[in-house]
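**Student:** The structure's right below; bear with me while I get my questions together.
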Amino acid sequence: MSGSAEVGNAVDSTTIARQCTLCEAHCGILVTVEDARVTRIEGNPDDVLSKGYICPKATAMGGLHHDPDRLRTPVRRVGGTFEPIGWDEAFAEIGRRLRAVRSAHGPSAIGMYMGNPAAHSSSVMYGALLRIALLTRNFFTASSIDQFPQEFVAWRMFGSNILMPITDIDRTDRLVVLGANPAVSNGSITTMPGAKQRIKDVRARGGTVVVVDPRRTETARLADEHVPVRPGGDVYLLLGMLHVLLTEDLCDERAVRALCTGWDELADLVADTTAHRMAPLAGVDAETIERLARDHAAAPSAVLYARIGVCQQVTGTLTHWLVNTINAVTGNLDRAGGQMFATPIVDAARYAKYLPMGHGAWTDRSGTHKSFRSELPVAVLAEEIRTPGPGQIKAMITYAGNPVLSTPQADKLDAALESLDFYVAVDMYVTETTRHADIILPPVSALEREELGLLFPVFSVRNNARYDARVFDPPADGLDDWQILARLVTELVPLPGRRLTGRALNAVFEQFSPLRLTAAAVAAGPYGVLRRGRKGLTLGKIRDAPGGIDLGPLQPRLPELIGTRDRRAHLAPADFLAAAHAVLDDSTSTERPGYDLQLIGRRHLRSNNSWLHNIASMVKGRDRCTVLIHPDDAAARGLAEGDPATIESSVGSIVVPVEISADIRAGVVAIPHGWGHREPGVGWTVAAALPGANVNLLHDPSHTDALTGTSAVNSTWVRVQPVAAEAAEAAAPSEVDAATR
Ligand SMILES: Nc1nc2c(c(=O)[nH]1)N[C@H]1C(S)=C(S)[C@@H](COP(=O)(O)OP(=O)(O)OC[C@H]3O[C@@H](n4cnc5c(=O)[nH]c(N)nc54)[C@H](O)[C@@H]3O)O[C@H]1N2
Ligand SMILES: Nc1nc2c(c(=O)[nH]1)N[C@H]1C(S)=C(S)[C@@H](COP(=O)(O)OP(=O)(O)OC[C@H]3O[C@@H](n4cnc5c(=O)[nH]c(N)nc54)[C@H](O)[C@@H]3O)O[C@H]1N2
Ligand code: SF4
Ligand SMILES: [Mo]
């Protein structure tokens, strides 16, 4: 065990301070170990960011470590089952098979998908290295079902995709949340552990909290006001607000013109988007739209905070653009209590502007989606595997992802993965996705890692440096993700000289471990010894502080970060204006005849996407994979609480129990994603006993944000009916059915 962060050591128990790395909050935890077992996980009151807060998921860090279903050695698929094999044998076979595919069909015949947990460990650096080594056009990540719109907007407005502004929640006088539920998610692209308390604190210091969401969420319950917008309606709500702000002269035009370009184009765009015209499109009354605008301008500081509820929309990019724009024109960009930028220990944002975005450097083979950040949207992954011809994906690498549960029309991807010539997965479970792999390579558990995270300090509400100590020594033959990924790189790009294998190769890589690279980057960073002399930060100093080091509140710094050529924020990029005009001209294009309800997602405090359902304490209690429906909509369909209902879209159908609640807007239903663990061969014993259904069977991969290809899974049109009625109808399909299939 690592002694450096031990904070207590009784006779037979040790307590180690580190972080929970399950979600972006990265809360500080104290892990107590007795007889080589985790016996307690508590919040660390000394943690500079989370101050003792943890959510119920933190204990899953122990459950995952001890889970008997977690793979501890590489496995190879033999028939319908997996058998253990040695590391060297596994790498040799993978190298042989991948090189064969590449020489027969070219580099793009190997596809790669990188999932969400990759971002939660510094091994992600090696994920990027592998991506480069592959030289493939077919690179995909979970970002294209998540924050791509926000990155795209940051790039177009501020000149770098990393410059996604942070919500300065701890100092704002007015917080308006759109399409996010931080009381459950604990903040995303604004790392705010203990979000609930931070929201309560806004009100306690005399501020106001408003939540715009089709569901009265856990966050809405903490707010002064809940605005139940129509799914996808935010773009109209914001255009209506902008009309009020610009036509009622509520902004300091001179100040905005000094910092930003595009005022005149914006004024032109919103000249006719009156609150009255926007109200029916937004599903919010005109008086509310006008009031939201006036109050935003009047507050000493105010911030609109938006996240995936509005990313996963056909208007995802437009909505995030308008969010940043309203914050900017009301003077809330780059000032305390508004949207700000961190000064992290390694100042990636400062240099990110030099990275090419590769936007449009290539497209998917149908020509529908442009590459962004050198990747294609995951919505096309199944087609790129299924459709024959030059550039077809013949082999796949997945790293820390479960796209069969997390991406649209999952059944197509499920079948496509099985059709590959070769598939290697870096994952510690046999999941709905990795069950198709020829070889699975499992990393050590999170508690066996030692690292200093660099990513989330870029998005934290306070500048900080926090270290993750090891709780357990890794097994002698265990490899971390970065070591596995490095070995894959050497199989694709052989090192010059004698071919090293096994331990000798691992020893070479040790010189370039993420921790060593991080130590050097911290020393050279804004707080590092190389810049600040003896008082500066080193990895050792951070390691010696079990709650981390607080580096103060966010500081205004956009002028030094901004990457646009004219060094001003661009409020009116031409393609955004054109797309906005298009949605104003045709606000009905997403509707589907024959389908009368709009499906959105929801998250639960005890789940994290698809992969905590195998931990018994995370799934106890009532079934959570239900369809949430308004009482009027349930009554109209003859549905009672707990009834099994069929949810049908234009691409698929699932059956889940009904949960009736007046918290959801009429005309809208909500189902969580990440469920559907009933596939044969899945290695999740606990999860398979309570499988739920895969909501991504209902989402259409062609339903995407026009500018980034991000899957629009928060506005799919569906119909809901009792299971029995559906069975009867199946015998005589209606005309509507036939027309829309
Ligand atoms: N319908 C719908 N779909 C959605 C969403 C939604 O709101 N609605 N949300 C989307 C969002 S925001 C996201 S981020 C995606 C997530 O989508 P994905 O990233 O594709 O899926 P996860 O469920 O996070 O699965 C993570 C996988 O990584 C493995 N894993 C966990 N930790 C590690 C590790 O340290 N190393 C390795 N090698 N493997 C690890 C787990 O076993 C699991 O198999 O889902 C998206 N899908
Ligand atoms: N407990 C828990 N925490 C998590 C996760 C988890 O699975 N479980 N996942 C993590 C990940 S990967 C991410 S990306 C973050 C996501 O963090 P959040 O963005 O906070 O996640 P959600 O809870 O999905 O919140 C989206 C909200 O948008 C609403 N919504 C849907 N459509 C619309 C719309 O058209 N307009 C508006 N205004 N609202 C809409 C939904 O009702 C929902 O309340 O959470 C992270 N934290
Ligand atoms: S909010 Fe929960 S899951 Fe996320 S880091 Fe904190 S304890 Fe872990
Ligand atoms: Mo996410």
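The values are calculated or read from the model by the stated rules, or taken from the named source; none is laboratory data. Note that the structure is predicted; figures quoted are calculated from it, not measured. No Cβ is skipped: glycine too gets one built from the backbone with ideal geometry, and neighbour counts run over all protein chains shown. Note: areas computed on protein heavy atoms with side chains; ligands, DNA, RNA excluded. Shrake-Rupley method; radii C 1.70, N 1.55, O 1.52, S 1.80 Å.
**Student:** For segment 440-492, calculate the relative contact order in percent as a whole number, restricting contacts to Cα pairs under 8 Å that are 6 or more residues apart.
**Tutor:** 46 percent
**Student:** With a sphere of radius 14 Å drawn around the Cβ of ASP168, what net charge do the other residues whose Cβ falls strictly inside it have (Lys, Arg +1; Asp, Glu -1)?
**Tutor:** +3
**Student:** Let me ask you something else. So with the 1.4 Å probe, I'd like the accessible area per residue for segment 26-111, rounded to whole Å².
**Tutor:** I get 44 Å² per residue for segment 26-111.
**Student:** Computed FRET efficiency, Cβ-Cβ of ASP35 and ARG99, R0 51 Å: what is it to the nearest 0.05?
**Tutor:** The computed FRET efficiency comes out at 0.65.
**Student:** Here's something else I'd like to know. Enter the Cα centre distance for the pair segment 14-93 and segment 227-293, rounded to the nearest angstrom.
**Tutor:** When both Cα centres are located, 46 Å separates them.
**Student:** With each pseudo-label sitting 7 Å past Cα toward Cβ, what's the ARG76-HIS359 distance in nm, one decimal?
**Tutor:** Once both label points are built, they end up 4.7 nm from each other.
**Student:** Past the 12 angstrom mark, what percentage of all C-alpha to C-alpha distances in segment 397-436 do you count?
**Tutor:** 52 percent
**Student:** Quick one: 3J(HN,Hα) in Hz for segment 132-139, Karplus 6.51/-1.76/1.60 with θ = phi - 60°, rounded, Gly and Pro as x.
**Tutor:** Result, rounded to whole Hz: 5, 4, 6, 6, 8, 7, 9, 10.
**Student:** Per the Kirkwood definition applied to all pairs of different Cα atoms, how many angstroms is the hydrodynamic radius of the chain?
**Tutor:** Kirkwood radius, the chain: 26.6 Å.
**Student:** Using square roots of five times the C-alpha gyration tensor eigenvalues, list the equivalent-ellipsoid semi-axes of segment 188-235 in whole Å, biggest first.
**Tutor:** Sorted largest first and rounded, they come to 20, 13, 9 Å.
**Student:** List the residues whose amide H sits under 5 Å from the amide H of GLY528, counting only those 5 or more places along or on another chain, with H placed 1.01 Å from N in the peptide plane.
**Tutor:** When sequence neighbours closer than 5 places are left aside, the close amide H contacts are LEU537.
**Student:** Over segment 573-628, give the accessible area per residue in Å² for a 1.4 Å probe, as an integer.
**Tutor:** Using a 1.4 Å probe on heavy atoms only, each residue of segment 573-628 averages 43 Å².
**Student:** Right, another one. Tell me, what is the FRET efficiency for ASP249 and ASP224 to the nearest 0.05, using R0 = 30 angstrom and their Cβ-Cβ distance as r?
**Tutor:** 0.70
**Student:** Run a plain Debye calculation on segment 253-351 (Cα atoms as equal point scatterers, no solvent) and give log10 I(q)/I(0) at q = 0.11, 0.17, 0.21 Å⁻¹, rounded to two decimals, same order as the q list.
**Tutor:** Debye curve over Cα of segment 253-351, log10 I(q)/I(0) at q = 0.11, 0.17, 0.21 Å⁻¹: -0.41, -0.96, -1.37.
**Student:** Of the listed peptides 265-274, 121-130, what is their order by residue-averaged count of other C-beta atoms within 10 Å, with the highest listed first?
**Tutor:** 121-130, 265-274
**Student:** When the Karplus curve 6.51 cos²θ - 1.76 cosθ + 1.60 is applied with θ = phi - 60°, which whole-Hz ³J(HN,Hα) does each residue of segment 531-545 get, with x for Gly and Pro?
**Tutor:** For segment 531-545, the Karplus curve yields 9, 10, x, 4, 7, x, 7, 10, 4, x, 5, 5, 4, 7, 10 Hz.
**Student:** A follow-up question, please. For segment 1-145, which whole percent of the accessible surface, found with a 1.4 angstrom probe, sits on carbon and sulfur atoms?
**Tutor:** Accessible surface attributable to carbon and sulfur in segment 1-145 totals 55 percent.
**Student:** State the extension gain, in nm to one decimal, for the chain segment bounded by ALA524 and ASP632, taking 0.36 nm per residue of separation less the distance between their alpha-carbons.
**Tutor:** 32.8 nm is the gain from fully extending ALA524 to ASP632.
**Student:** Can you compute the label reach from GLN197? Point 7 Å from Cα along the Cβ direction, backbone N cut-off under 18 Å, restricted to segment 45-69.
**Tutor:** Answer for segment 45-69: 45-59.
**Student:** Name the residues whose placed amide hydrogens come within less than 5 Å of the amide hydrogen of TYR467, ignoring near sequence neighbours (fewer than 5 apart) on the same chain.
**Tutor:** Residues meeting the criterion, in which the H sits 1.01 Å from N, are GLY548.
**Student:** Rounded to the nearest 500, what is the 222 nm mean residue ellipticity of the chain from helices alone, with -39500 (n - 2.57) per DSSP H run of 4+ residues and division by all residues?
**Tutor:** -9000 deg cm²/dmol
**Student:** In terms of modelled amide H atoms, which long-range or inter-chain residues lie less than 5 Å from the amide H of THR646?
**Tutor:** Under 5 Å from the amide H of THR646: GLN721, VAL723.
**Student:** Below 8 Å, C-alpha to C-alpha, sequence gap of six or more: please give me the relative contact order for the chain in percent.
**Tutor:** The normalised contact order for the chain reaches 19 percent.
**Student:** Now for a different question. Ignoring any ligand, DNA or RNA, what whole percent of the accessible area of segment 521-677 comes from carbon and sulfur when the probe is 1.4 angstrom?
**Tutor:** 52 percent
**Student:** Out of all DSSP beta bridges with both ends in the chain, state the antiparallel percent to the nearest 5.
**Tutor:** 55 percent
**Student:** Which of the listed residues, VAL48, LEU98, GLY86, is farthest toward the dipole's positive end in segment 37-105, when Lys, Arg count +1 and Asp, Glu count -1 at the beta-carbon?
**Tutor:** Looking along the dipole axis, the top candidate is LEU98.
**Student:** How big is segment 123-227 on each of its three principal axes, counting only the C-alpha atoms and giving the largest first in Å?
**Tutor:** Projected onto the principal axes, the Cα atoms of segment 123-227 cover 53, 26, 25 Å.
**Student:** Could you give the size of the charge dipole of segment 199-340 about its Cα centre, using +1 on the Cβ of each K and R and -1 on the Cβ of each D and E, expressed in debye and rounded to the nearest 20?
**Tutor:** 600 debye
**Student:** Calculate, axis by axis, the spread of Cα positions in segment 515-654 along the three principal axes, and write the results as whole Å, longest axis first.
**Tutor:** Here the Cα extents, ordered largest to smallest, are 72, 50, 26 Å.
**Student:** Now for a different question. Can you run phi through the Karplus equation (6.51, -1.76, 1.60; θ = phi - 60°) for segment 55-70 and list ³J(HN,Hα) in whole Hz, with x for Gly and Pro?
**Tutor:** Couplings: 9, x, 6, 3, 5, 5, 4, x, x, 5, 4, 8, 4, x, 7, 5 Hz.
**Student:** Work the Kirkwood hydrodynamic radius out for segment 341-486: mean of 1/r over every pair of different alpha-carbon atoms, inverted, in Å.
**Tutor:** Every distinct Cα pair counted, the radius reaches 18.1 Å.
**Student:** I need the semi-axes of the equivalent ellipsoid of segment 35-114: take the C-alpha gyration tensor, multiply each eigenvalue by 5, square-root it, list largest first in whole angstrom.
**Tutor:** Listed largest to smallest, the semi-axes of segment 35-114 are 40, 20, 11 Å.
**Student:** For segment 590-639, state what percent of all Cα-Cα pairs lands in each successive 10 Å bin, counting from 0 Å until the bin that includes the largest distance.
**Tutor:** Values per bin, smallest distances first: 19, 37, 27, 17, 1.
**Student:** Dipole of the chain, Cα-centred, from +1 at each Lys and Arg C-beta and -1 at each Asp and Glu C-beta, to the nearest 20 debye?
**Tutor:** It works out to roughly 2240 debye.
**Student:** At each listed q (0.24 Å⁻¹), what is the log10 of I(q)/I(0) that the Debye formula gives for segment 641-729 modelled as equal alpha-carbon point scatterers?
**Tutor:** -1.27
**Student:** Next question, about the same structure. Projected onto the charge dipole of segment 408-513 (+1 at Lys/Arg Cβ, -1 at Asp/Glu Cβ, origin at the Cα centre), which of LEU488, ILE439, PRO408 gives the Cα projection farthest towards the positive end?
**Tutor:** LEU488
**Student:** Same structure, new question: So what does SER649 come to for accessible area, using a 1.4 Å probe and Å² rounded to 10?
**Tutor:** 10 Å²
**Student:** Right, something else. Accessible area of segment 318-451 with a 1.4 Å probe: how many percent of it is carbon plus sulfur?
**Tutor:** Using a 1.4 Å probe with all protein chains present, segment 318-451 comes out at 52 percent carbon and sulfur.
**Student:** Here is a follow-up. Between ASP170 and ALA578, 0.36 nm times their residue separation minus their Cα-Cα distance comes to what?
**Tutor:** Between ASP170 and ALA578, full extension yields 143.3 nm more.
**Student:** Please tell me which of these pairs span more than 30 angstrom C-alpha to C-alpha: LYS353/LYS412; LYS51/LYS353; LYS370/LYS412; LYS200/LYS353; LYS394/LYS620?
**Tutor:** Table pairs above 30 Å Cα-Cα are LYS353/LYS412; LYS51/LYS353; LYS200/LYS353; LYS394/LYS620.
**Student:** What is the magnitude of the charge dipole of segment 602-650 about its Cα centre, with +1 placed on the Cβ of each Lys and Arg, -1 on the Cβ of each Asp and Glu, and no other charges, expressed in debye to the nearest 20?
**Tutor:** Magnitude of the dipole: close to 400 debye.
**Student:** Follow-up. Leaving out ligands and nucleic acids, note down the accessible area per residue over segment 290-376 with a 1.4 angstrom probe, in whole Å².
**Tutor:** 30 Å²
**Student:** Something else: Report the Cα-based extents of segment 602-687 along its three principal axes, largest first, to the nearest Å.
**Tutor:** 40, 28, 18
**Student:** How high is the relative contact order of segment 307-435, in percent, counting Cα pairs under 8 Å that sit 6 or more residues apart?
**Tutor:** Reported as a whole number, the value is 14 percent.
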